1. Would you check which residues across region 338-375 are closer than 26 Å to residue 97 by Cα and surrounded by fewer than 14 Cβ atoms within 10 Å (Cβ to Cβ) and list them?
2. Has region 135-143 got at least one residue that is surrounded by 23 or more Cβ atoms within 10 Å (Cβ to Cβ), touching a residue at least 12 places away in the same chain (Cβ under 8 Å) and under 20 Å from the mean Cα position of the chain (by Cα)?
3. Can you tell me which residues in region 166-182 are exposed (fewer than 12 other Cβ atoms within 10 Å of the Cβ) and either touching a helix residue (DSSP H, G or I) at 6+ places or on another chain (Cβ under 9 Å) or closer than 21 Å to residue 252 by Cβ (or both)?
4. Just one of the numbered conditions (1) free of Cβ contacts under 8 Å to residues at least 12 places away in the same chain; (2) within 22 Å of residue 381 (Cβ to Cβ); (3) assigned to a loop (DSSP other than H, G, I, E, B) is not true of residue 220; which one?
5. Considering only region 183-207, how many residues are at pLDDT 95 or above, within 27 Å of residue 116 (Cα to Cα) and in a loop (DSSP other than H, G, I, E, B)?
6. Quick one: which residue in 365, 393 is within 19 Å of residue 297 (Cα to Cα), part of a helix (DSSP H, G or I) and assigned by TED's automatic domain parsing to the domain that holds residue 248?
7. Only one of (1) in contact with a helix residue (DSSP H, G or I) (Cβ under 7 Å, 6 or more places away or on another chain); (2) in a helix (DSSP H, G or I) is not met by residue 215, so which one is it?
8. For region 260-271, indicate whether the set of residues that are closer than 21 Å to residue 363 by Cβ, outside the structural domain of residue 159 (by TED's automatic domain parsing), in contact with a strand residue (DSSP E or B) (Cβ under 9 Å, 6 or more places away or on another chain) and not in a strand (DSSP E or B) is non-empty.
């Protein structure tokens, strides 16, 4: 786990209201990107063939996705790419999805590693172009359940190459939380039992976690998709989170702080990622993490090409490189996520890595509702009501935290 400490995926709340108001999305996670939700992205054509590489590629990425040995001499998958393609990699690390959207709008970058709460905004605004997957040979080995999903495709068009994924898990201190929980009730309805020692993810998208719990426990609300909430459903989720706030000791965005809190006992139960659970265990914390009976939310990242890319040929070369088996295995282990390429599992240094991260466990991922961007057109297909857009989620999150 020595490489994991460089992970800085925080997805912090941004204040770019204009970007949030422009947010849009499509489809539910099991319907692909062709649901009738009013999304009509500009008619941008994907290339039919590649030309000569341009000598450079400008990338926006999460920390840990584009490593050239400067952070750790033993962690470098950029140098070989540059040697083989002649494309000099110029990376820009982004700290949030909103920052990625803002940077892509400048037209200065060729590709981005977007999560589902950014990818669909880029599609809708015309900042991301469709991708011709035939020009990405390694795409054929990507797990089928990552292809043509609601966050990376629209109307049968692919808008990117899947990179990796992870679930938002429930973690608990096995010595202080008894009996062992099975439900998200541990951090919602039963949170008062651990008052001051509950932790929650610090982002407006966490409202979906409350909605997921209410979907199972309050069927009368009629929640079908935790990212498609009408006003009544949204108000119920917000009310649940405001109630939870009284018992939360810390909202986490920095994963190292969460590890420290579980080691010290300041936190005993809350949401987490697999990589955090692994690191906490390695450092002596008595914790377990799992997907509760209601399922969980999660994230899936996609490499997307800018519609204004100045180096599209190098961008395509990068997309194929980053999802190639050996490199995808390196990134997955360094970052702490399930790889997208099925063949990567044979190339991880830890031979149990893909089992730990459920890389090819289709049944596991069916219980994960991957991040999506809430819009007024309800993502669950309803047309008789309007759903609450992401800008309102941001406002509500401020109120929830007080």
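The values are calculated or read from the model by the stated rules, or taken from the named source; none is laboratory data. None of the values given here were measured: they were computed from a predicted structure. Cβ sites come from the backbone with ideal geometry, for glycine too, and all protein chains shown count toward neighbours.
1. The one that is closer than 26 Å to residue 97 by Cα and surrounded by fewer than 14 Cβ atoms within 10 Å (Cβ to Cβ): 366.
2. Checked region 135-143: no residue is surrounded by 23 or more Cβ atoms within 10 Å (Cβ to Cβ), touching a residue at least 12 places away in the same chain (Cβ under 8 Å) and under 20 Å from the mean Cα position of the chain (by Cα).
3. Of region 166-182, the ones exposed (fewer than 12 other Cβ atoms within 10 Å of the Cβ) are 175, 178-180.
Scanning region 166-182 gives a single hit, 175.
4. Status for residue 220: all satisfied but (3).
5. Qualifying residue count, region 183-207: 2.
6. Details: 365 fails: assigned by TED's automatic domain parsing to the domain that holds residue 248.
After applying the criteria, what remains is 393.
7. The one condition residue 215 does not meet is (1).
8. Our first condition is that a residue be closer than 21 Å to residue 363 by Cβ; within region 260-271, this holds for none.
The answer is no; no qualifying residue exists.
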